[in-house]
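Chemist: For reference, the structure I am asking about is given below.
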Amino acid sequence: MAERHIIVYLRDGAWQFTFRGTVTAPFSSREEAIEAAIGEARALADPDIEVIVQDVDLTEKTVWRAGGGD
């Protein structure tokens, strides 16, 4: 099973997310970027997709997973 990830991260003072090499930005807050990434993930309707936030210290946390509830 191949997992797919949308990664939310801060770069050059703006929050953004990336999926398969496509960057969507800028967002003024972490929360705004996360909500947009979750919306994108839902629209893709991929049962294996998840949204991961990568913090400045490079730690990662899954914040949403398809089929995992909200």
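The values are calculated or read from the model by the stated rules, or taken from the named source; none is laboratory data. Everything quoted here is computed from the prediction, not taken from an experiment. When we count neighbours, we look across all protein chains shown, and the Cβ atoms used for this are built from the backbone with ideal geometry, even at glycine. Remember, those area values only see protein heavy atoms, side chains included, never the ligands or the DNA or RNA. Shrake-Rupley method; radii C 1.70, N 1.55, O 1.52, S 1.80 Å.
Chemist: Out of segment 35-70, which residues are more than 11 Å from the chain's Cα centre (by Cα) and of a type in the set (Gly, Ala, Ser)?
Modeler: Hits for segment 35-70 are ALA43, ALA45, ALA66, GLY67, GLY68, GLY69.
Chemist: Could you list, in sequence order, all residues of segment 14-70 that are open to solvent by less than 30 Å² (accessible area, probe 1.4 Å), part of a helix (DSSP H, G or I) and either within 15 Å of ARG4 (Cβ to Cβ) or of a type in the set (D, E, K, R) (or both)?
Modeler: ALA37, ILE38, ALA41
Chemist: Can you report the number of residues in segment 30-50 which are under 11 Å from GLN16 (Cβ atoms) and of a type in the set (Lys, Arg)?
Modeler: 1
Chemist: Would you call ILE6 open to solvent by less than 70 Å² (accessible area, probe 1.4 Å), modelled with pLDDT of 95 or more and assigned to a strand (DSSP E or B)?
Modeler: yes
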